[in-house]
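The values are calculated or read from the model by the stated rules, or taken from the named source; none is laboratory data. All values reported here derive from a predicted model rather than from experimental measurement. We place every Cβ from the backbone using ideal geometry, glycine too, and count neighbours over all the protein chains shown.
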Amino acid sequence: MGADTALMTFSTRMPFLLVALGAVAAAFALLLFVRGRASSSAEAPAAQGGPAPPRAARPSARPATRPATPPLPPGLARALAGNRVVVLSVFSPNAAADRLVNAEARAGAQLAGVGFVAVPTTNAEAAARLYELSEVLESPTVLFLRGRVEKNRFVGYSDRELIAQAAENTAR
């Protein structure tokens, strides 16, 4: 009877031992994987005791011809030259709601005493330049610029008082 008890104890412990052994093996495999990825990164030369050898500069496929800052639409460039803050309205002239927001933006800029520029989405060149500057995707959008830097943005309807307040905050 004593032999049956030892066999019974061993058979009930076996699943637990197999699960524990599997967890240890998985942890070890994960450790090897993480260490393998770390040794292939930039830390590997430092770990070997020496500085990383300098890499040869790869020639570019084509020279960079794009300026660091995109050119502004002419109306916006003039407004920024004469005003510290400019309210910029991007609108679709074919949509009545957009035309309303454009009128409110113009009135809000006038209330705040800042510059104003309206850019219709039908002007493809100006819209493309604005996208490069501030990634304007929706219409109507009202941007508040101090210099070439966008400080605030409203998408959708905004009334003149809200636009005037945002323009005054941009000037601070």
Lone unmet requirement of (1) touching a residue at least 40 places away in the same chain (Cβ under 8 Å); (2) in a strand (DSSP E or B) for F116:
(1)
Can you name every residue in segment 140-166 that is surrounded by fewer than 21 Cβ atoms within 10 Å (Cβ to Cβ) and of a type in the set (S, T, N, Q)?
N152, S158, Q165
Which residues, taken from segment 119-139, are within 16 Å of the chain's Cα centre (by Cα) and not in a helix (DSSP H, G or I)?
E135, V136, L137
Single residue of S92, S60 found to be touching a helix residue (DSSP H, G or I) at 6+ places or on another chain (Cβ under 8 Å) and at pLDDT below 95
S92
Does segment 69-85 contain any residue that is touching a residue at least 24 places away in the same chain (Cβ under 8 Å), in a strand (DSSP E or B) and in contact with a Gly (Cβ under 8 Å, 6 or more places away or on another chain)?
yes
